[in-house]
Amino acid sequence: MDIMPLRRHIGTGGMRMAETGGAGSTENLDRVLADLRALSGDIASCSVLSKDGELLASSHGEGVDRERVAAMVAALVNLAERVARENDKEHASQVRVKAEGGHVLLVRLDAGDALAATTGPDARVGLVLYDMRNARGEVEKVLEGGREA
């Protein structure tokens, strides 16, 4: 289940999007996302979003408007952070949104970036979040390497 299908093709050519970092970091992020999806069969799609709202990597298939995905995930991350601050918390470490067709899950990364995933309605959400938290270190390592380049 990919979220937000395109109404029309925008010309992404089916390529995964990477706004920052070199080709090596993009390929490494793609590998980490592929490994996460292989580990957790309940994940329909996943992506990495920078703290600035840029989609760094995505497993979304063709027909998904990646810019729209980035904007909506960024809005969700910002809202979660705002709610946390309003309740005297430092930040939101993870977010779970249950929708009619499944779940949208977010795990905050150290630098303020986010790892996002979608699942179907019958997903074992606790296990998916566990797998996402375990993948967080690998994602952060790849992102840190890309920032140093």
*asked:* Less than 11 Å Cβ to Cβ from A38, Lys/Arg counted +1 and Asp/Glu -1: what total charge do the surrounding residues give?
replied: 0
*Please tell me the relative contact order of region 23-148 in percent, rounded to the nearest whole number, where contacts are Cα pairs under 8 Å and at least six residues apart.*
29
*For region 103-149, just say rounded, prolate or oblate: build the C-alpha gyration tensor, square-root its eigenvalues into a ≥ b ≥ c, call rounded for a/c under 1.5, and beyond that prolate if a/b exceeds b/c, oblate if not.*
prolate
*Just rank D52, D131, fewest to most, by other beta-carbon atoms within 10 angstrom.*
D52, D131
_lysines with Cα under 24 Å of K98, excluding same-chain neighbours fewer than 8 positions away_ = K51, K89
*Quick one: order E81, E54 by neighbouring beta-carbon count within 10 Å, fewest to most.*
E54, E81
*Rank these for me by crowding, S47, S93, S40, going from fewest to most other beta carbons within 10 Å.*
S93, S40, S47
*Förster-model FRET efficiency, 35 Å R0, R31 and E90, C-beta, rounded to 0.05*: 0.70
*In terms of the Cα gyration tensor, with a ≥ b ≥ c the square roots of its eigenvalues, is region 48-149 rounded because a/c is under 1.5, prolate because a/b exceeds b/c, or oblate?*
rounded
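None of the figures in this text is laboratory data; all of them are computed from the coordinates on show. Small disclaimer: the values here were computed from a predicted structure and weren't measured. As a convention, Cβ positions derive from the backbone with ideal geometry for all residues, glycine included, and neighbour counts pool all protein chains shown.
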